[in-house]
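Student: I have a structure I would like to understand better, so I am pasting it below and will then ask my questions one at a time.
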Amino acid sequence: MKLDEFFVTGDPLIYGADVSIALTLIGAIFVLTYFKKWKWLWTEWLTTVDHKKLGVMYIIAAVLMLFRGGVDALLMRAQLTVPDSSFLDANHYNEIFTTHGTIMIIFMAMPFLIGLINVVVPLQIGARDVAYPFLNAVSFWTFFMGAMLFNISFVIGGSPSAGWTSYVPLAGLELSPGVGQNYYLLGLQIAGIGTLLTGINFLVTILKMRVPSMKLMQMPMFTWSSLITMVIIIFAFPVLTVALALMTFDRLFGSHFFTMMDGGMPMLWANLFWIWGHPEVYIVILPAFGMFSEIISTFARKTLFGYKAMVYSMVVIAGLSFLVWVHHFFTMGAGGAVNSFFSITTMLIAVPTGVKIFNWLFTLYKGRIRFTTAMLWSLAFIPNFVIGGVTGVMLAMAAADYQYHNTYFLVAHFHYVLISGTVYACFAGLYFWYPKMFNHRLNERLGKWSFWIFVAGFNLCFFPMYFLGLAGMPRRIYTYGIGDGWMSLNVLATFGGVLMGIGFLILVYNIYYSFRYSPRETTGDPWDARTLEWSTPAPVPHYNFAHLPEAKGHDAFWIMKEEKKQGKAPEKKPYKPIHMPSYSGVPIIMSVFFFIAGFGMVFSWHWMSILGLIGVLATMVIRSFDYDKGFYVSVEEIEETEKKTTL
Amino acid sequence: MESVEYSPNTPLEYQSETGRLNILGFWVFLGAEIALFSTLFATYLVLVGRTGGGPGPEELFELKGVLIETFLLLTSSFTCGLAIHYMRNHSLKGVFLWIGVTLALGLGFLGFEIYEFVHYIHEGAALTTSAYWSGFFVLVGTHGAHVTMGIAWISLILIQLKQRGLTPDTTRKVFISSLYWHFLDVVWIFIFTAVYLYGMVM
């Protein structure tokens, strides 16, 4: 392979990216070396097994990916603003919408949510860490290396261009002969390992690591939503693993699962992909529902309305999520009976979701509402998500779907649910739990600017797309003619997209601004909130709780505060040594070997993939022979830490 | 939590918090494995008959080899159970003996399976022949790869048993690997039925 085949050449945009990647790397290395921070980076972050730090790293990675996916989105909008634009060529446009979709779902939405789950859930259930801290680090690093492998595709070798759904035969070897599709397969495969491990880890954590006094039906709603999400992950991700592996076999080893010849069945891919893909949609929405529940309850200063209904409706949604996948390809021609079945199951999902919407509204009813930034995101979610949901029911009608299918109507629909559901929740959760993570709040003034600009931009960007879809504009086209009459709405959408970009930049500036100027927290409870994570001091000690808290019902921390007001102070018990797990460098090294193996497979350099896999196995053996039992935090250290923290 | 008193009947592997958590976690992992194999089975069954003009299973499957494989693997599951029985009775020697037998049977199974695969490829039915054979080799091969991993993993645990004897940590590992081994046995029963028996009567 020649060097100019290895590196992507010929496009000024790509050269610009090359330069900026090189500059960023050099800058990071320089800063770390100049301030002598390498050792700190390794011992405090890269080898950590602390769920709070892993959560923060997930969120940082997710924000970076949001930037990358957002740039992709703006490039698409730039191309589509005017008819017959020559800003991007067809192939480049295809690559961009493929990476945009894949990155936003797999490398932005999921890690952002999993990051918040990492930070918050153990604290909400009164645990000192997750069930398997080491595995948690493996989860993070395999996600990260999978994401990096996918991301380098646009400068090395070329990006995938068959859409994030990678339908065959387009994604097959004949029509996508380059390495791009291999990046998709291997990047997702490696990241998928991490997601599955997260699923197992948090399922067991939530079931077994709660403080003994917390019953299942007293868990905070975010913890409930996480628990149900983990169940979906455990049963959905193995399907993706198999689907990706089968396509990898097709492309690298000549098997015939999805080929057009020798008995292969292209539609099998669509089925397998969506048997994972639809539950995936709920993997990224249920934790969002959980966060909105917490935030709305906190800032309405009321207990969540209809707690049990909330839990059961999530269980029903999780069950139904595995029974609706065919609605992604009604037009495949599965026949009237099959389409009707999936049409009905799809519409059924609106019922439990509707129950949840009403529960949030009733929680707000007669509440003393505080309009913080986190609350604004949650309030904006409700009407916007309803628009997305109602258009979803429109799409669910199989006969009508023949009209909407593959148009911008669909694009508008899923952006309405994913952005106003998942992205709003990520922002709301970030503002809400930011003081728990970084010991200061994000600036509310900047936060509100960012909120209004982003939400206005979002609606300007995507609402017109419903009408573009009804006017017949197909999705995934790279340009259109002036006679199509789609220009004015596209201009509007681009304008909205730019506003969203500005809103995001203000958020990023807010992170910097608040780091510099926001007052440090003096209490662990800045919002007068209700659940146990707010009972920890600021900053949260690495062992989370000096004494395990007691949960006496819903909103355990609220009850504690009420009792304190009535003068019932909890008795002071002596501290006991706390057992904590040791940090380990094995997870990151193992994941680097996964990266090497994946990179080798992308280019079919088998020596390299074998080398990588041997490395993976070797690190597993090292781990198996490691009988490190962790360490105990001494009583003196706990006393010292508790004195320093403020409560 | 570590200070809980255990009755003498509590097995060693359940005596530590880590032991209990890891065993539960592994059960959950097996749940994910069921989803994984279900997908492979579904794929295989969808592709049955799609031989693209190439050879079909009824021409190639031979009952004898498959029965030997089945017999070896099912017996290994029984001996694996015996190993756990001896472990519960604190007999390190018994554990070594029966895990040794289990591994030997597992290796025997693998040997016959590799022989079978080579035979099919020789007869013109490989991964690349048709969709049907792709499905066959990936389903049965994934099971075989699991057995291989299991043999390597359990061998490493044997070394740790040799170094450390029966402790809550080592017994936990033996117990978890035994769950894995039994699971592979269950999967094989489905393969035997859905692939071989069904393939021969097709």
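Since every read-out is calculated from the coordinates, none of them should be taken as a lab result. This structure is a prediction, so every number in the text was calculated from the model and none was measured. Using ideal geometry, Cβ is built from the backbone for each residue, glycine included, and neighbour counts are taken over all protein chains shown.
Student: Which is closer than 30 Å to residue A:538 by Cα and in a helix (DSSP H, G or I), of A:412, A:399, A:428?
Tutor: Values: A:412 fails: closer than 30 Å to residue A:538 by Cα; A:399 fails: closer than 30 Å to residue A:538 by Cα.
After ruling out the rest, the residue left standing is A:428.
Student: Could you say which residue among A:180, A:163, A:194, A:199 is in contact with a Ser or Thr (Cβ under 7 Å, 6 or more places away or on another chain) and within 14 Å of chain B (Cβ to nearest Cβ)? Before the answer, list the steps.
Tutor: On the way: A:180 fails: within 14 Å of chain B (Cβ to nearest Cβ); A:163 fails: within 14 Å of chain B (Cβ to nearest Cβ); A:199 fails: in contact with a Ser or Thr (Cβ under 7 Å, 6 or more places away or on another chain).
Answer to the check: A:194.
Student: Against the definition (in contact with a helix residue (DSSP H, G or I) (Cβ under 6 Å, 6 or more places away or on another chain), closer than 21 Å to residue A:170 by Cβ and within 14 Å of another protein chain (Cβ to nearest Cβ)), how does residue A:257 come out, yes or no?
Tutor: yes
Student: What's the number of the only condition in (1) more than 15 Å from residue A:68 (Cβ to Cβ); (2) within 20 Å of the chain's Cα centre (by Cα) that residue A:151 fails to meet?
Tutor: (1)
Student: Right, another one. Go through the stretch B:32-71 residue by residue and tally those that are in contact with a Pro (Cβ under 7 Å, 6 or more places away or on another chain) and of a type in the set (S, T, N, Q).
Tutor: Number of matching residues: 1.
Student: So residue A:400 ticks every box in (1) more than 21 Å from the chain's Cα centre (by Cα); (2) surrounded by fewer than 20 Cβ atoms within 10 Å (Cβ to Cβ); (3) in contact (Cβ under 8 Å) with a residue 24 or more places away in the chain but one. Which box is left unticked?
Tutor: Result: residue A:400 passes all but (3).
Student: Within the stretch A:549-585, how many residues turn out to be loosely packed, with under 11 Cβ neighbours inside 10 Å, in a loop (DSSP other than H, G, I, E, B) and not polar (S, T, N, Q)?
Tutor: So the count comes out to 7.
Student: Hey, another quick one. When you scan the stretch A:87-98, do you find a residue that is crowded, with 23+ Cβ neighbours inside 10 Å, in contact with a Gly (Cβ under 6 Å, 6 or more places away or on another chain) and either in a helix (DSSP H, G or I) or free of Cβ contacts under 8 Å to residues at least 40 places away in the same chain (or both), even just one?
Tutor: Within the stretch A:87-98, one or more residues are crowded, with 23+ Cβ neighbours inside 10 Å, in contact with a Gly (Cβ under 6 Å, 6 or more places away or on another chain) and either in a helix (DSSP H, G or I) or free of Cβ contacts under 8 Å to residues at least 40 places away in the same chain (or both).
Student: Would the stretch A:605-614 turn up any residue that is within 14 Å of chain B (Cβ to nearest Cβ) and within 20 Å of residue A:132 (Cβ to Cβ)?
Tutor: So the first thing to find is which residues in the stretch A:605-614 are within 14 Å of chain B (Cβ to nearest Cβ), and the list is A:613-614.
Restricting the remaining residues to those that are within 20 Å of residue A:132 (Cβ to Cβ) gives none.
Taking every residue of the stretch A:605-614 in turn, none turns out to be within 14 Å of chain B (Cβ to nearest Cβ) and within 20 Å of residue A:132 (Cβ to Cβ).
Student: Just to be sure before I move on: is residue A:319 touching a residue at least 24 places away in the same chain (Cβ under 8 Å), part of a helix (DSSP H, G or I), out of contact with any strand residue (DSSP E or B) (no Cβ under 7 Å at 6 or more places or on another chain) and away from every other protein chain (no Cβ under 14 Å) in the structure I sent?
Tutor: no
Student: Also, I was wondering about something else. Given the options B:79, B:51, B:43, name the one that is surrounded by 19 or more Cβ atoms within 10 Å (Cβ to Cβ), part of a helix (DSSP H, G or I), in contact (Cβ under 8 Å) with a residue 12 or more places away in the chain and more than 19 Å from the chain's Cα centre (by Cα).
Tutor: Exactly one residue qualifies, and that residue is B:43.
Student: Next up: So, in the stretch B:1-14, exactly how many residues are under 30 Å from residue A:199 (Cβ atoms), surrounded by fewer than 18 Cβ atoms within 10 Å (Cβ to Cβ) and more than 10 Å from chain A (Cβ to nearest Cβ)?
Tutor: 4
Student: Also, I was wondering about something else. Here are the criteria: (1) within 14 Å of another protein chain (Cβ to nearest Cβ); (2) free of Cβ contacts under 8 Å to residues at least 40 places away in the same chain. Tell me which single one residue B:27 does not satisfy.
Tutor: Single failed check for residue B:27: (2).
Student: Further, regarding this structure: Across the stretch A:83-140, what is the number of residues that are within 20 Å of residue A:278 (Cβ to Cβ) and polar (S, T, N, Q)?
Tutor: Residues in the stretch A:83-140 being within 20 Å of residue A:278 (Cβ to Cβ) and polar (S, T, N, Q): 2 in total.
Student: Determine which member of the set B:135, B:150, B:106, B:111 is away from every other protein chain (no Cβ under 14 Å), part of a helix (DSSP H, G or I) and touching a residue at least 12 places away in the same chain (Cβ under 8 Å). Spell out the reasoning first.
Tutor: Numbers: B:135 fails: away from every other protein chain (no Cβ under 14 Å); B:150 fails: away from every other protein chain (no Cβ under 14 Å); B:111 fails: touching a residue at least 12 places away in the same chain (Cβ under 8 Å).
Exactly one of B:135, B:150, B:106, B:111 is away from every other protein chain (no Cβ under 14 Å), part of a helix (DSSP H, G or I) and touching a residue at least 12 places away in the same chain (Cβ under 8 Å), namely B:106.
Student: How many residues are farther than 21 Å from residue A:115 by Cα and either polar (S, T, N, Q) or within 14 Å of chain B (Cβ to nearest Cβ) (or both) if we restrict to the stretch A:278-297?
Tutor: In the first step, residues of the stretch A:278-297 are kept if they are farther than 21 Å from residue A:115 by Cα; the result is A:278, A:297.
Keeping just the survivors that are either polar (S, T, N, Q) or within 14 Å of chain B (Cβ to nearest Cβ) (or both) gives A:297.
The qualifying residues number 1.
Student: For the stretch B:39-68, which residues satisfy the criterion of being at the interface with chain A (Cβ under 8 Å from one of its Cβ atoms) and at negative phi?
Tutor: Across the stretch B:39-68, the qualifying residues are B:39, B:40, B:43, B:46, B:47, B:50, B:51, B:54.
Student: Got a sec? Which of A:127, A:171 is buried (at least 24 other Cβ atoms within 10 Å of the Cβ) and part of a loop (DSSP other than H, G, I, E, B)?
Tutor: Working: A:127 fails: buried (at least 24 other Cβ atoms within 10 Å of the Cβ).
Answer to the check: A:171.
Student: Another question about this same structure. Of the residues A:195, A:241, which single one is of a type in the set (S, T, N, Q), touching a residue at least 24 places away in the same chain (Cβ under 8 Å), in a helix (DSSP H, G or I) and crowded, with 24+ Cβ neighbours inside 10 Å?
Tutor: After ruling out the rest, the residue left standing is A:195.
Student: Further, regarding this structure: Name the residue, out of A:273, A:222, A:235, that is facing chain B (nearest Cβ under 7 Å), in contact (Cβ under 8 Å) with a residue 60 or more places away in the chain and touching a helix residue (DSSP H, G or I) at 6+ places or on another chain (Cβ under 7 Å).
Tutor: Matching residue, one of A:273, A:222, A:235: A:235.
Student: Go through (1) without any contact (Cβ under 8 Å) to a residue 24 or more places away in the chain; (2) in a helix (DSSP H, G or I); (3) not aliphatic (A, V, I, L, M) for residue A:262 and report which single condition fails.
Tutor: For residue A:262, the exception is condition (2).
Student: Based on what the data block shows, is residue B:166 more than 11 Å from every other protein chain (Cβ to nearest Cβ) and in a loop (DSSP other than H, G, I, E, B)? If you could, list the steps in order and put the result at the bottom.
Tutor: Values: more than 11 Å from every other protein chain (Cβ to nearest Cβ): yes; in a loop (DSSP other than H, G, I, E, B): yes.
Against the criterion (more than 11 Å from every other protein chain (Cβ to nearest Cβ) and in a loop (DSSP other than H, G, I, E, B)), residue B:166 qualifies.
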